[in-house]
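The next block holds one structure in the form of structure tokens; read it before the comments.
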Amino acid sequence: MAAHWLTPDERRAWLALYALTSLLPANLDAHLFREARITLFDYHVLAMLSEAEGASLPMSELAARSTASLSRLSHVVKKLEARGWVTRLPSSSDGRVTTASLTASGLAMLTDLAVSHVAQVRSTVFDALDDRDVADLERVGVKILRGMDSAHWILADGASASGSDGGPAQAGPPDGP
């Protein structure tokens, strides 16, 4: 099979995407660690719980929404439990299922942290973009995600497809950023 090399335009786009996907998580991790001694992944787990009905999700669903293995998620939830931000209990409807729930303390911490986190995301990503760029970013991101995982929860989530203002949701701060 002959190599199908990237065109110069594709190469530039690929290198920009690669740099972005390498630098952005590190930038947001550093900010969140300075602010609250948590990682971007920790924040995302807490945010997914805050957006869920009753601020609770089965661990398997939380793993899917966090794009994590159950093993990785279990380790992180254990750490968040130790800080008093999450609890794990057997599901009331199925004892074989473990449910993670955001505590009042976790929600309060997340609500406070969300203001700073959204400001960091805005200054790092969105301040350099106009409305068309934001729409293009979503359009391209959804296309790539669909090709990688056509069943990803973001593709089925109407709120994600229509966008979010990044402010607090009814159940708590959204992951948005």
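The values are calculated or read from the model by the stated rules, or taken from the named source; none is laboratory data. Quick caveat, the model's predicted, so the values are computed rather than measured. Neighbour counts run over all protein chains shown; Cβ positions are idealised from the backbone, glycine included. Ligands, DNA and RNA are excluded from the accessible area calculation, which covers all protein heavy atoms including side chains. Shrake-Rupley method; radii C 1.70, N 1.55, O 1.52, S 1.80 Å.
When region 126-164 is filtered for residues that are at pLDDT below 90, in contact with a helix residue (DSSP H, G or I) (Cβ under 9 Å, 6 or more places away or on another chain), assigned to a loop (DSSP other than H, G, I, E, B) and within 26 Å of residue 30 (Cα to Cα), only 163 remains. Determine whether region 102-125 contains at least one residue that is of a type in the set (D, E, K, R), open to solvent by 60 Å² or more (accessible area, probe 1.4 Å), in contact with a strand residue (DSSP E or B) (Cβ under 7 Å, 6 or more places away or on another chain) and modelled with pLDDT of 95 or more. Within region 102-125 (the criterion being of a type in the set (D, E, K, R), open to solvent by 60 Å² or more (accessible area, probe 1.4 Å), in contact with a strand residue (DSSP E or B) (Cβ under 7 Å, 6 or more places away or on another chain) and modelled with pLDDT of 95 or more), the answer is no, since none of the residues qualifies.
Checking region 87-100 against the condition returns no match, with no residue being closer than 17 Å to residue 50 by Cα, part of a helix (DSSP H, G or I) and in contact (Cβ under 8 Å) with a residue 24 or more places away in the chain. Within region 46-62, being over 19 Å from residue 72 (Cα atoms), part of a helix (DSSP H, G or I) and open to solvent by less than 50 Å² (accessible area, probe 1.4 Å) holds for 50, 55. The single condition among (1) open to solvent by 20 Å² or more (accessible area, probe 1.4 Å); (2) more than 16 Å from residue 108 (Cβ to Cβ); (3) in contact with a helix residue (DSSP H, G or I) (Cβ under 9 Å, 6 or more places away or on another chain) that residue 77 does not meet is (1). Residue 43: surrounded by 13 or more Cβ atoms within 10 Å (Cβ to Cβ), part of a helix (DSSP H, G or I), on the phi < 0 side of the Ramachandran plot and among the hydroxyl-bearing types (Ser, Thr, Tyr), yes or no? In short, yes.
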